[in-house]
């Protein structure tokens, strides 16, 4: 079994399958002015808890500036949408923001169908979401 060596500023949720037992894997990369959270797999009832734990870890002791890279998200249910709304509100309450980068086609359709595309800040790429473009 290959063991990942911890790198300062980076953290990956352990996975036993392609996207872990719960269908999700999360990479957290602390940058100087924001935290990049790359999500792989499914954001649903079963995976929302582990994803929330990663976000809580990422937000400890800092102003909440988050970018979620969602290109590799294959499915989001209502629990997943609720999680995204909750993180967005928590970030804004703390004086920060949540930007959603590269939402998958399925997620974009769900956001449009629920009018949440008007609620979130959506970006075509990570550079635009972070202001590095």
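The values are calculated or read from the model by the stated rules, or taken from the named source; none is laboratory data. Quantities reported herein were computed from a predicted structural model and do not represent experimental measurements. Every residue, glycine as well, gets a Cβ built from its backbone with ideal geometry; the counts of neighbours run over all protein chains shown.
Some values worked out for this structure:
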read-out: Residue check for residue 66: modelled with pLDDT of 90 or more and either under 21 Å from residue 123 (Cβ atoms) or not in a loop (DSSP other than H, G, I, E, B) (or both); value: yes
read-out: Filter result (more than 12 Å from residue 69 (Cα to Cα) and in contact (Cβ under 8 Å) with a residue 12 or more places away in the chain) within segment 93-106; value: 94, 95, 96, 97, 106
